[in-house]
């Protein structure tokens, strides 16, 4: 008797695992895409970087 | 040996059974109307944001479908139309349906809030709550007006789409809501007229069961008459246009005539020709909704080329 006989149930379980895997991968790709769009839409971002950067200060009225 | 094990696993679910929990056919209508609501709005939305928000709205709708199947498993098992759903057929347990429904509801609302704005996410959350608690748990088994008020749940998607784009609510989005809301009762009652045995055996108080088929026929005509001004009114808002007006005139005339045909018949005539008119009007009602929203999309496309605006 072949120990590795492939029963139909194994195929069904594989399809389930594959489906969940693809859905999760798609979700990760979607969140990544959303992040890229959201961040690039804000425009250039600068923060304090240990040196004085005059362009970050509010212009004097 | 293998045979003994095989019977134990016979009913184990595949991926498709879990997908079926999300009511893919209802979902396709939600995707279409939400997408139209989003695209006809005067504010452009980035394609990636469009794709993700429509997806999250669809997942939210699917989650409410799963919760509905968890709650209604007893009714579904009795009705022929729904007996093959994953829970009554024994492929997925009711607990699993509950878990998937709750998890996907939370996920879809949170993700829609992050991807777009809190109004759209709030509307999605309210839609899920309305469909599961107000409709499934409360009204469906309690009043013959279940279809009328429950139809609100199906009417929210274009409003959510509009809120994704504009962050607000306006006459246009309320009228799109009203169009689906008023369309639902005649659509479902036409179905209930020719799917007669099902609701009777399940004990769901459909109008056909509680007040009889004559009253249902009257209701179809009256609700269709109230639907017509809503559908035509939408033509004269900022999202209406010549394509929509033409489609609305033709489809409303046909639908009103169909409703009148249903109203003029009695059961003997209907049984004699196997509910031909009722089935025809039911099919017509599907085209009715699809064409109205398709026409809104067509007018939005024309406007983007500088054509056809009022």
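The values are calculated or read from the model by the stated rules, or taken from the named source; none is laboratory data. Just so it is clear, the model here is predicted, and its values are computed rather than measured. Cβ coordinates were reconstructed from backbone atoms using ideal geometry, including for glycine residues, and neighbour counts include every protein chain displayed.
Within the stretch B:95-102, does at least one residue satisfy the condition of being surrounded by fewer than 22 Cβ atoms within 10 Å (Cβ to Cβ), within 16 Å of the chain's Cα centre (by Cα) and within 14 Å of chain A (Cβ to nearest Cβ)?
no
Only one of (1) crowded, with 23+ Cβ neighbours inside 10 Å; (2) over 21 Å from the mean Cα position of the chain (by Cα); (3) within 25 Å of residue B:290 (Cβ to Cβ) is not met by residue B:92, so which one is it?
That leaves (3) as the condition not met.
Filter the stretch B:214-256 for residues that are closer than 15 Å to residue B:185 by Cα, surrounded by fewer than 16 Cβ atoms within 10 Å (Cβ to Cβ) and touching a residue at least 60 places away in the same chain (Cβ under 8 Å) and give the result.
None; the set is empty.
Within the stretch B:246-255, does at least one residue satisfy the condition of being over 16 Å from residue B:228 (Cα atoms) and in the same structural domain as residue B:232 (by TED's automatic domain parsing)?
No, the stretch B:246-255 contains no residue that is over 16 Å from residue B:228 (Cα atoms) and in the same structural domain as residue B:232 (by TED's automatic domain parsing).
Restricting to the stretch B:20-49, and then to whatever is in a loop (DSSP other than H, G, I, E, B) and closer than 20 Å to residue B:297 by Cβ, can you tell me which residue is farthest from the other protein chains (Cβ to nearest Cβ)?
Looking at the filtered set, the residue picked out is B:40.
Only one residue in B:52, B:64 is within 12 Å of chain A (Cβ to nearest Cβ) and buried (at least 22 other Cβ atoms within 10 Å of the Cβ). Which one?
Being within 12 Å of chain A (Cβ to nearest Cβ) and buried (at least 22 other Cβ atoms within 10 Å of the Cβ) holds for just one of B:52, B:64, which is B:52.
What do you reckon, is residue A:10 more than 9 Å from every other protein chain (Cβ to nearest Cβ), surrounded by 10 or more Cβ atoms within 10 Å (Cβ to Cβ), farther than 30 Å from residue B:111 by Cβ and at pLDDT 75 or above?
When the stated conditions are applied, residue A:10 passes them.
Any idea which of (1) modelled with pLDDT under 95; (2) touching a helix residue (DSSP H, G or I) at 6+ places or on another chain (Cβ under 6 Å) is the one residue B:42 doesn't satisfy?
(2)
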